[in-house]
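Enquirer: This is the structure I want to talk about, given as structure tokens.
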Amino acid sequence: MTPTAQPGNRITDVDGIEVGHYQRLDDQVSVAGEQPGSGWATGTTVVTVPDGATTAVDVRGGGPGTRETDLLDPVNTVRGATAIVLTGGSAYGLAAADGVMAGLEAAGRGLPMDAHGHVVPIVPAAVIFDLPVGGWTQRPDAGFGRRALEAAGRDFGVGSVGAGTGARAGALKGGVGTASLTLADGPAQGRTIGALVVANPVGAVIDPATGLPWGGEDLEHHGLGAPEAGQIAALAQLSAKGTVLNTTIGVIATDAALSVAGTRRLAMAGHDGLGRAIRPAHSPLDGDTLFAVATGTADGPPPPPMPAGMDADTPVVAGLGAAAAVVVQRAIVAAVRHASPVAGIPAYRELLSSALR
């Protein structure tokens with residue numbers, strides 16, 4: 001049974017953000033090795049963005065597969081996306097964004113172009129390399145994107161679903177994870193920030209000395225206890241991932257009102273969380289990419305005044321930046337914590353079942 005993201009700890013705690021998945025996973029699926037892989041084991045995740053939100057992106061990996069990321073540069077004209085696509089299928093999977101565009105156009109959502117109601121939806125996308133899991137030619141297309149968009153809502157699954165269906169995290173099964181928190185004090189008091197991440201890194205997400213995720217101080221949040229000695233040894237003996245083509249991608253969202261530049265700084269700060277949870281991160285063949293969205297719907301207190309020449313949202317960005325790293329780290333751990341086995345790729349929750357509360 002697919003685990004469900006819980007209110008109070010999911011990206012959709014930010015008002016206006018919705019998430020939908022679509023995946024195909026065959027009962028019999030194999031990973032490419034001496035023989036080609038076979039069967040379906042891939043999917044697409046769509047994060048819809050409310051009108052008027054600000055969107056940005058930060059790409060840190062050396063081998064990204066992306067669409068429309070240049071449009072989100074702060075020096076360019078468009079301020080926000082209509083939806084963001086995270087998908088399997090490597091560069092082929094970018095076709096899923098076409099289906100999302102078609103669905104949004106049918107709903108009349110996008111940049112208005114004329115008096116006749118014509119719109120152009122802005123749909124940035126990023127991909128993971130999951131082609132060796134299942135058949136090489138069985139990858140997301142426009143239909144995956146359209147179905148994921150139709151499934152979008154505040155409730156959604158985590159683990160081996162959507163774009164995380166064929167994901168691997170080091171030697172373990174990867175997947176989709178999410179987290180959120182609301183700041184209790186400081187300049188960003190009252191603002192909520194959340195993250196959704198598809199974890200598919202070549203780097204390890206587990207400390208081989210302890211059998212626990214990197215950043216062990218957060219164990220209670222994830223319902224984790226201490227593994228047994230035999231489980232730690234079994235984890236340490238797992239072989240490394242069989243491919244160096246990887247990528248961890250995701251979306252950070254907040255209800256704060258931020259400039260495009262401030263929103264981009266959230267995406268940049270989120271990569272700190274990626275670096276905490278994955279070792280190594282940002283390799284030359286990873287495509288590590290984080291989008292950020294600021295909806296501007298929060299009712300928190302106004303930030304303190306800034307000196308002339310400085311952006312008014314700087315104190316809020318500073319507070320949210322630290323939180324962005326936390327929610328990204330938690331989302332990556334959650335992705336591995338909730339993933340289920342696919343194609344014989346071992347899952348953390350099976351190997352360490354006695355450590356899960």
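Enquirer: Counting only residues that are out of contact with any Asp or Glu (no Cβ under 7 Å at 6 or more places or on another chain) and assigned to a helix (DSSP H, G or I), which one in segment 79-97 is surrounded by the fewest Cβ atoms within 10 Å (Cβ to Cβ)?
Expert: 91
Enquirer: Determine, yes or no, whether residue 195 is of a type in the set (Gly, Ala, Ser), buried (at least 24 other Cβ atoms within 10 Å of the Cβ) and closer than 23 Å to residue 64 by Cβ. Talk me through it step by step, then tell me what you get.
Expert: Numbers: of a type in the set (Gly, Ala, Ser): yes; buried (at least 24 other Cβ atoms within 10 Å of the Cβ): yes; closer than 23 Å to residue 64 by Cβ: yes.
Yes; evaluated as a whole, the condition is true for this residue.
Enquirer: Ok, one more. Restricting to segment 254-268, give me the number of residues that are of a type in the set (A, V, I, L, M) and surrounded by fewer than 24 Cβ atoms within 10 Å (Cβ to Cβ). Full working, then the answer.
Expert: Of all residues in segment 254-268, those of a type in the set (A, V, I, L, M) come to 256-258, 260-261, 266-268.
After this cut, where a residue has to be surrounded by fewer than 24 Cβ atoms within 10 Å (Cβ to Cβ) as well, the list is 257, 260-261, 268.
Selection size over segment 254-268: 4.
Enquirer: Given the conditions (1) within 22 Å of the chain's Cα centre (by Cα); (2) surrounded by 18 or more Cβ atoms within 10 Å (Cβ to Cβ); (3) farther than 16 Å from residue 41 by Cα, which single one is not true for residue 232?
Expert: Of (1) within 22 Å of the chain's Cα centre (by Cα); (2) surrounded by 18 or more Cβ atoms within 10 Å (Cβ to Cβ); (3) farther than 16 Å from residue 41 by Cα, only one is false for residue 232: (1).
Enquirer: So, one more: State which residue is farthest from the chain's Cα centre (by Cα) when the search covers only segment 162-174 and only residues that are buried (at least 24 other Cβ atoms within 10 Å of the Cβ) and among the hydrophobic types (A, V, I, L, M, F, W, C).
Expert: The selected residue is 172.
Enquirer: Regarding residue 223, is this residue small (Gly, Ala, Ser), at pLDDT below 75 and more than 21 Å from residue 345 (Cα to Cα)? Before the answer, list the steps.
Expert: Details: small (Gly, Ala, Ser): yes; at pLDDT below 75: no; more than 21 Å from residue 345 (Cα to Cα): yes.
So residue 223 fails the test.
Enquirer: Is segment 320-335 home to any residue that is part of a loop (DSSP other than H, G, I, E, B) and modelled with pLDDT under 95? Break it down into steps so the answer makes sense when it comes.
Expert: Here is the first cut: in segment 320-335, the ones part of a loop (DSSP other than H, G, I, E, B) are none.
Checked against the condition, which is being part of a loop (DSSP other than H, G, I, E, B) and modelled with pLDDT under 95, segment 320-335 yields no hits at all.
Quick grid of which residues meet (1) of a type outside the set (A, V, I, L, M); (2) in contact (Cβ under 8 Å) with a residue 24 or more places away in the chain; (3) within 15 Å of residue 330 (Cα to Cα); (4) crowded, with 18+ Cβ neighbours inside 10 Å:
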| position | (1), (2), (3), (4) |
| --- | --- |
| 128 | no, yes, no, yes |
| 139 | yes, yes, no, yes |
| 149 | no, yes, no, yes |
| 178 | yes, yes, yes, yes |
| 202 | no, yes, no, yes |
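Enquirer: So for segment 15-38 (the condition being under 24 Å from residue 252 (Cβ atoms), surrounded by 14 or more Cβ atoms within 10 Å (Cβ to Cβ) and charged (D, E, K, R)), does at least one residue qualify?
Expert: yes
Enquirer: Going through 66, 42, 55 one at a time, which residue ends up being within 16 Å of the chain's Cα centre (by Cα), modelled with pLDDT of 95 or more, closer than 25 Å to residue 342 by Cα and buried (at least 18 other Cβ atoms within 10 Å of the Cβ)? Steps first, please.
Expert: Working: 66 fails: closer than 25 Å to residue 342 by Cα; 55 fails: closer than 25 Å to residue 342 by Cα.
Step by step, each of 66, 42, 55 is checked, and only 42 is within 16 Å of the chain's Cα centre (by Cα), modelled with pLDDT of 95 or more, closer than 25 Å to residue 342 by Cα and buried (at least 18 other Cβ atoms within 10 Å of the Cβ).
The values are calculated or read from the model by the stated rules, or taken from the named source; none is laboratory data. Owing to the predicted nature of the structure, the values given are computational and were not obtained by experimental measurement. Heads up, the Cβs are rebuilt from the backbone with ideal geometry, glycines too, and the neighbour counts pull from every protein chain shown.
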